[in-house]
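Participant: Got a structure here, written out as structure tokens. Questions coming.
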Amino acid sequence: MREPYARLSTRDQNPQLQLDALAASGYDKLVVEKESGKRGVARPEWEALLALPQAGDTLKFWKSDRWGRSAGHVLTTVNELRDRGITVVSLTENFDLGTKEGRFMFAVLAAAVGYELELRAERQAEGIAAAKRREATGAMLPGKKKTGRPRVIGPAELATLRRLVADGTSVTEAARTLKIGRSTAYEALAQR
């Protein structure tokens, strides 16, 4: 049995690249999950998938970073599967996890991915801290008045939202029409 796993970690991430590659390689059952890979986040589809394969089966994945939280976590999982006689295949990384050289290359690549994630988080934290310092001193970047996410709904959208709701449209339908979240619509109506 061939069972691929695809994981999406952000709301905006498009799965099509992963799904196309997995479909081209062929499979018997596809497991797709939209969860973060970070520690402490439950991945029920992943846990259920790990219990299914028998000796001689193959688990496929698009890239090693779709499988685990860290290089150590991924390698432990791969080794446990290998001990059960299950073949593990990466579609984008050209190495054989059945050999010691392949596992070494996998470990190096997984460590590099982990390093990049830590660097990205560090840069993001530094950027947020710098923006807060600029806001505190009144030296914001041109065009910015405050830190944080930009407003989703402006005055024109708010007027349209109020008009739709006043005309009998439900808040949910009005939010869909304006392509904003329902909670955003309720919050906007309550604040103004």
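The values are calculated or read from the model by the stated rules, or taken from the named source; none is laboratory data. As the structure is a prediction and not an experimental result, all values here were calculated from the model. Every residue, glycine as well, gets a Cβ built from its backbone with ideal geometry; the counts of neighbours run over all protein chains shown.
Participant: Out of everything in the stretch 146-187 that is of a type in the set (A, V, I, L, M, F, W, C) and within 25 Å of Ile128 (Cβ to Cβ), what residue ends up being modelled with the lowest pLDDT? Steps first, please.
Facilitator: Keep residues of the stretch 146-187 that are of a type in the set (A, V, I, L, M, F, W, C), which gives 152-153, 156, 158-159, 161, 164-166, 171, 174-175, 178, 180, 185.
Checking the rest, the ones that are also within 25 Å of Ile128 (Cβ to Cβ) come to 152-153, 180.
Values: Val152: 76, Ile153: 84, Ile180: 89.
This residue is Val152.
Participant: Here is a list: Ile153, Ile128. Which entry is farther than 30 Å from Phe61 by Cβ, part of a helix (DSSP H, G or I) and under 28 Å from the mean Cα position of the chain (by Cα)? Reasoning before the result, please.
Facilitator: Numbers: Ile153 fails: part of a helix (DSSP H, G or I).
Of Ile153, Ile128, the one residue that is farther than 30 Å from Phe61 by Cβ, part of a helix (DSSP H, G or I) and under 28 Å from the mean Cα position of the chain (by Cα) is Ile128.
Participant: Could you identify the single residue in Leu8, Leu22 that is in contact with a Pro (Cβ under 6 Å, 6 or more places away or on another chain), of a type outside the set (Gly, Ala, Ser), buried (at least 16 other Cβ atoms within 10 Å of the Cβ) and modelled with pLDDT under 75? Can you show your working first?
Facilitator: Working: Leu22 fails: modelled with pLDDT under 75.
Testing whether each residue is in contact with a Pro (Cβ under 6 Å, 6 or more places away or on another chain), of a type outside the set (Gly, Ala, Ser), buried (at least 16 other Cβ atoms within 10 Å of the Cβ) and modelled with pLDDT under 75 leaves just Leu8.
Participant: Something else about it: Please indicate, with yes or no, whether at least one residue in the stretch 85-93 is exposed (fewer than 11 other Cβ atoms within 10 Å of the Cβ) and either within 30 Å of Leu189 (Cβ to Cβ) or not basic (Lys, Arg) (or both).
Facilitator: Applying the first criterion (exposed (fewer than 11 other Cβ atoms within 10 Å of the Cβ)) to the stretch 85-93 yields none.
The answer is no, given that none of the residues of the stretch 85-93 is exposed (fewer than 11 other Cβ atoms within 10 Å of the Cβ) and either within 30 Å of Leu189 (Cβ to Cβ) or not basic (Lys, Arg) (or both).
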